[in-house]
Amino acid sequence: MHPLLEKDHQQLIDLVEVMDRCVVNGNSVSQITQYLDAFVTIAQDEFKHEEELMENYNYPDVVEHKKEHVLLLEQLRSVHSKLTHGHTPFGQDYMHWLRNWLETHLLDADERLDKFLYQKNADGHKS
C-alpha cells in the first residue's frame, strides 16, 4: 500500500476490529456509538485526504471514487442516527456490512488508486 494511504487505512481497519469485538462481547450501545463516531471522523478525514491526492495527481477515476465515499458516509450517518435514537440494534449484520464495504473498497477502488500513485511516482523519476 502506498505510504500516503496506508496509515489512514490501518486506522479504519483497527476500528472495525474494535467495534466487532464490542458487538461480540455485548458492549453497551454508548460504547459502540463512540467507536462508530470515531470511525466516521477518521473516514471523513481519510476520504478528504484521498480526494485531495486524487485531484492533485489528476486521478482519472476521481468522480466514481468520491461517489463511493459519499455513499458510505451517508450510510454510516444513517446507521449512527438509528443507533443513537434506539431504532436498531448494532449487531453482526452491521459489522458484516461495514467490514465487507471496507474490504471491497480497499481491495478495489483504493488498490487502483494505490497503483496509480506508484505509477505517477515512477513516471516522475524517469530521466
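Would you call Glu55 closer than 23 Å to Glu17 by Cβ, outside any loop (DSSP other than H, G, I, E, B) and not β-branched (Val, Ile, Thr)? Against the criterion (closer than 23 Å to Glu17 by Cβ, outside any loop (DSSP other than H, G, I, E, B) and not β-branched (Val, Ile, Thr)), Glu55 does not qualify.
Taking the criterion of being of a type in the set (S, T, N, Q) and within 10 Å of the chain's Cα centre (by Cα), the residues of segment 8-40 that qualify are Gln10, Gln11. Scan segment 53-70 for residues that are surrounded by fewer than 16 Cβ atoms within 10 Å (Cβ to Cβ) and closer than 19 Å to Gln10 by Cα and the total you get is 0.
The residues of segment 19-45 that are over 30 Å from Tyr118 (Cβ atoms) and hydrophobic (A, V, I, L, M, F, W, C), listed by number, are Met19, Cys22, Val23, Val24, Val29, Ile32, Leu36. Looking only at segment 71-111, residues that are more than 15 Å from the chain's Cα centre (by Cα) and either surrounded by fewer than 16 Cβ atoms within 10 Å (Cβ to Cβ) or of a type in the set (Asp, Glu) (or both) come to 12 in all. For segment 26-34, the condition holds for at least one residue, the condition being that it is in contact with a Cys (Cβ under 7 Å, 6 or more places away or on another chain) and of a type in the set (Val, Ile, Thr).
Scanning segment 5-49 for residues being modelled with pLDDT under 80, hydrophobic (A, V, I, L, M, F, W, C) and surrounded by fewer than 16 Cβ atoms within 10 Å (Cβ to Cβ) gives a total of 1.
The values are calculated or read from the model by the stated rules, or taken from the named source; none is laboratory data. Not measured: the values here are computed from a predicted model. Positions of Cβ are generated from backbone atoms using ideal geometry, with glycine treated the same way; all protein chains shown enter the neighbour counts.
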